[in-house]
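Novice: Sharing a structure, written as structure tokens. Questions coming.
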Amino acid sequence: MDKEIRKIGVLTSGGDAPGMNAAIRAVVRKSIVNGLEVVGIERGFLGLLNEEIFEMNKRSVSDIIQQGGTILGTARCHEFREEEVQEQAAQICRKHGIDGIVVIGGDGSYRGAQALARHGINTIGIPGTIDLDIACTDYTIGFDTAINTAMQAIDKVRDTSSSHERCSIIEVMGRGAGYIALWCGMANGAEDILIPETYDYDEQRIVDNIINNRKHGKKHHIIINAEGIGHSTSMARRIEAATGIETRATILGYMQRGGSPSCKDRFYASIMGAYAADIISQGKSNRVVAYKNGEFCDFDIEEALAMTKKIPDYQYEVALELSR
Ligand code: ATP
């Protein structure tokens, strides 16, 4: 028989993402509606090990839905990969009467959740990352805000780039995944989109493209470069030398992570948080909440981590075709 769930914890782990607060709010309030006690755990798995645990009620999450970042704080905790550390964390949960934990974060955080489940603590994951790089879900909390923040910044760079007839390399976040680059590339009409999944390091092709576009009357050339490729400043120097066209690099960096979450992020985070609260109160464990093919659903963490997804070739090709 499933164990009875009376008290749950909620934590955020990995990189912060706008909308995490809306998810925390939903987990707390829906769990209370479901008759559970709730504690907040600060600084992810690190805070759990340090017993940074505090009681939460409906008012603990007042006035946070519009705030970026995470009120619980987040941290990387490398020792959580060790079996004895995981067992210690499970013991701490038992000591505090915590029957289950909702973990809001990325793939790495799910592995931590999976480890806790193995040690007898029920866990549910919620996809919180601006990178959209979680295979089991078509949506991750923070992506919508991040792409809109980046898009608006790129529009501004584009204005000055056109006025000065420059080439601009704009580096967006995405270490292993090019979703932010693809979406901004499409939305900002970039002439080149360099993503870690497909980039072949053929700079001559980019140079030829810039020269060709110039011949056909283009006043600017926007290159969106994903963080996973990087080296935007040195790339700008090489391209300027090869084309004779003034080329500038702009690295958007952490400004893409912060800021008030978009309506879409708040909405999806609220549903995902409530969904996690519902399934954890039903005794489910080792599951991750997802949005797939238009529906909110959940998957076994093992199964979710084994899934793969790739940038759709058609979307990438269209983004480039439309900017020529
Ligand atoms: P982001 O996508 O923002 O990087 P993430 O959740 O993937 O988010 P990670 O740094 O990979 O970020 O993982 C967050 C935390 O999850 C780690 O600091 C660690 O505490 C825990 N974790 C990661 N991998 C494992 C693992 N294999 N076993 C146990 N815990 C893990």
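The values are calculated or read from the model by the stated rules, or taken from the named source; none is laboratory data. Remember, predicted model here, so these are calculated numbers, not experimental data. Because the Cβ atoms are built from the backbone with ideal geometry, glycine has one as well, and the counts that use them run over all protein chains shown. Ligands, DNA and RNA are stripped out before the accessible areas are found, and what is left, the full protein with its side chains, is counted by its heavy atoms. Shrake-Rupley method; radii C 1.70, N 1.55, O 1.52, S 1.80 Å.
Here is a yes/no grid of residues against (1) open to solvent by less than 20 Å² (accessible area, probe 1.4 Å); (2) in contact (Cβ under 8 Å) with a residue 60 or more places away in the chain; (3) within 17 Å of the chain's Cα centre (by Cα):
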position: E84; (1), (2), (3): no, no, no
position: R94; (1), (2), (3): no, no, no
position: I98; (1), (2), (3): yes, yes, no
position: G108; (1), (2), (3): no, yes, yes
position: L116; (1), (2), (3): yes, no, no
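Novice: Can you report the number of residues in segment 63-82 which are more than 12 Å from the ligand (Cβ to nearest atom) and either outside the structural domain of A115 (by TED's automatic domain parsing) or open to solvent by 20 Å² or more (accessible area, probe 1.4 Å) (or both)? If you could, list the steps in order and put the result at the bottom.
Specialist: First pass over segment 63-82, keeping only residues more than 12 Å from the ligand (Cβ to nearest atom): 63-69, 71-73.
Next, only the ones that are either outside the structural domain of A115 (by TED's automatic domain parsing) or open to solvent by 20 Å² or more (accessible area, probe 1.4 Å) (or both) stay: 63, 65-68, 71, 73.
Qualifying residue count, segment 63-82: 7.
Novice: Does any residue of segment 9-21 turn out to be within 16 Å of the ligand (Cβ to nearest atom), over 22 Å from I271 (Cα atoms), within 21 Å of the chain's Cα centre (by Cα) and surrounded by 21 or more Cβ atoms within 10 Å (Cβ to Cβ)?
Specialist: Start the filter on segment 9-21 by keeping residues that are within 16 Å of the ligand (Cβ to nearest atom), which leaves 9-21.
Within this subset, residues satisfying the condition of being over 22 Å from I271 (Cα atoms) are none.
No, segment 9-21 has no match at all.
Novice: Related question: Need pairs with beta-carbon distance below 7 Å; first residue among the basic types (K, R) and within segment 306-324, second open to solvent by 70 Å² or more (accessible area, probe 1.4 Å); sequence gap 6+ or separate chains.
Specialist: Short answer, once both residue conditions are applied: K310/E197.
Novice: Here's a follow-up. Look at A89 and say whether it is open to solvent by less than 60 Å² (accessible area, probe 1.4 Å), modelled with pLDDT under 95 and farther than 15 Å from I279 by Cα.
Specialist: Working: open to solvent by less than 60 Å² (accessible area, probe 1.4 Å): yes; modelled with pLDDT under 95: no; farther than 15 Å from I279 by Cα: yes.
The answer is no for A89.
Novice: Still on this structure, I have one more. Residues of segment 84-125 being more than 10 Å from the ligand (Cβ to nearest atom), over 19 Å from M56 (Cα atoms) and among the hydrophobic types (A, V, I, L, M, F, W, C), which ones?
Specialist: The answer is A90, A117, I121.
Novice: Which condition number does D159 fail, the rest of (1) within 16 Å of the ligand (Cβ to nearest atom); (2) outside the structural domain of V288 (by TED's automatic domain parsing); (3) among the acidic types (D, E) being met?
Specialist: Only one criterion in (1) within 16 Å of the ligand (Cβ to nearest atom); (2) outside the structural domain of V288 (by TED's automatic domain parsing); (3) among the acidic types (D, E) is unmet by D159, namely (1).
Novice: Which one is farthest from the ligand (Cβ to nearest atom) among residues in segment 126-143 that are farther than 14 Å from G112 by Cβ and of a type in the set (G, A, S)?
Specialist: Checked segment 126-143; the qualifying residue farthest from the ligand (Cβ to nearest atom) is A135.
Novice: A further question follows. Among the numbered conditions (1) surrounded by fewer than 24 Cβ atoms within 10 Å (Cβ to Cβ); (2) part of a strand (DSSP E or B), tell me where T123 comes up short.
Specialist: (1) is the only condition that T123 fails.
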